Amino acid sequence: MVITDDRPQHGERRELLLGVARKIFAERGFQSTTMDDIAKEAGFTKPILYQYFESKTDLYHEIVTQTAQTLIDKLASAVSIADTPRAKIEVAFQVYFEMVVSETDAFRILFIHSHEGETAGDLRNVELTLVSFVEPFIDISISREHRRQLAAGVVGIAEGAAVVWLIQQEAKGWPPVEPGEEARLAARIATLAWGGLRAIQRD
């Protein structure tokens, strides 16, 4: 007789724990979540959780880093097939809001809760990574310092819109997202950002 082992393997268990932690961090924030909470919700003991993550901070950083890397990878793939700076910025907004809408837990952690205590630097690191990503697509004859400031403004517009949308969804009790919501968000913010960039005075 063959005995099958239905227990999740190492990689699967790690992803399961990350998924559970993402959900709890999104609901409660970093400070109010304990490793006991995560282990209990995942159906494991706390010692098993510590086999995969050294601390709550380590687990939190992993979620933020994973979210940021996924976003950057998707942005890079999308803009590689756009042929003009404007098209690249517009498709970047589309990808950005697709992730915000489809992965609300990850972005609630990133935008709503990552200002807390020892995790306060996480959001800033992600923001600076996004600024560096956007900067080359601002095709205007201005200084590098000026261009970087504008890239930061573009990132700030997107982040601000995402934060307000998440807060609005929470206030409504997290209803099902309407079809095409991410496209509407992207179009609104792309129009605002591009209109502003067109008005920039060259150095």
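Nothing in this text is a laboratory measurement; each read-out follows from the coordinates by a stated rule. Because the structure is a prediction, the values reported are computed rather than measured. Here the Cβ positions follow ideal geometry from the backbone for every residue, glycine too, while neighbour counts run over all protein chains shown.
First check a/c for the stretch 2-85, with a ≥ b ≥ c the square roots of the eigenvalues of its C-alpha gyration tensor; if it is under 1.5, answer rounded, and if not, answer prolate when a/b is larger than b/c or oblate otherwise. Oblate.
Karplus-derived 3J(HN,Hα) values for the stretch 104-110, using 6.51 cos²θ - 1.76 cosθ + 1.60 with θ = phi - 60°, are 4, 4, 4, 7, 5, 4, 5 Hz; glycine and proline are entered as x. When +1 charges are put on Lys and Arg Cβ atoms and -1 charges on Asp and Glu Cβ atoms, the dipole computed for the chain relative to its Cα centre reaches about 480 debye. Note on the stretch 62-198: Cα-only Rg and Dmax are 14.7, 46 Å.
With a cut-off of 8 Å between alpha carbons and a minimum separation of six or more residues, what is the relative contact order of the stretch 62-198 in percent?
Details: 106 pairs, mean separation 41.5, N = 137.
Answer for the stretch 62-198 is 30 percent.
In the chain, a dipole from Cβ-located charges (positive for Lys and Arg, negative for Asp and Glu) runs towards its positive end, and of I48, P179, V91 it is V91 whose Cα lies farthest in that direction.
For the chain, the number of Lys pairs separated by eight or more positions or lying on different chains, with C-alpha atoms closer than 23 Å, is 8.
Considering only V91, V177, V131, the Gaussian network model of the chain with Cα springs below 10 Å gives its largest mean-square fluctuation to V177. Within the listed set P175, P136, P85, the residue fluctuating most in the Gaussian network model of the chain (springs between alpha-carbon atoms under 10 angstrom) is P175.
Largest GNM mean-square fluctuation across V100, V64, V20, computed for the chain with C-alpha springs under 10 Å, falls on V20.
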